[in-house]
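The structure appears below as structure tokens.
The values are calculated or read from the model by the stated rules, or taken from the named source; none is laboratory data. Quick caveat: nothing in here was measured; it's all calculated off a predicted structure. Cβ atoms come from the backbone with ideal geometry, glycine included; neighbour counts cover every protein chain shown. The area values use the complete protein model at the heavy-atom level, side chains included, leaving out ligands, DNA and RNA. Shrake-Rupley method; radii C 1.70, N 1.55, O 1.52, S 1.80 Å.
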Amino acid sequence: LLRSEKISDRSAAAAALSRAEALIAQTGARLYAPEALIERARLARLVGDEGARERCLRDAQRLFSEMGAPRRAAAIAEEIAH
């Protein structure tokens with residue numbers, strides 16, 4: 001959905017991400033939270049919201065650090081810098 005050029009697909013992507021985030025919260029599957037944030041950042045970039053993109057990436061970076069995934073956190077830090 002994020003790769004599509006259609007605006008309606010972006011809306012569908014946002015809805016799918018919201019549903020995924022709700023399921024993560026309901027089930028306590030925090031392992032998936034940073035990945036959802038990365039996808040949310042990609043969507044923000046597509047719609048031109050660089051502030052939201054950076055916030056999502058910083059949150060994902062923090063979660064990866066807290067989870068003991070320093071390489072993923074470093075990769076996200078690199079993405080933020082670009």
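Observations on the model:
- With a simple spin-label model that places each label point 7 Å from the Cα along the Cα-to-Cβ direction, the separation between residue 10 and residue 81 comes to 2.9 nm.
- Share of carbon and sulfur in the accessible heavy-atom surface of the chain [1.4 Å probe, %]: 55 percent
- Lys, Arg +1 and Asp, Glu -1 on Cβ, resulting dipole of the chain about Cα centre, debye, nearest 20: 100 debye
- Between the range 1-55 and the range 59-82, the Cα center-to-center distance that results, in Å: 17 Å
- Surface exposure of the chain, expressed per residue as accessible area with a 1.4 Å probe, stands at 65 Å².
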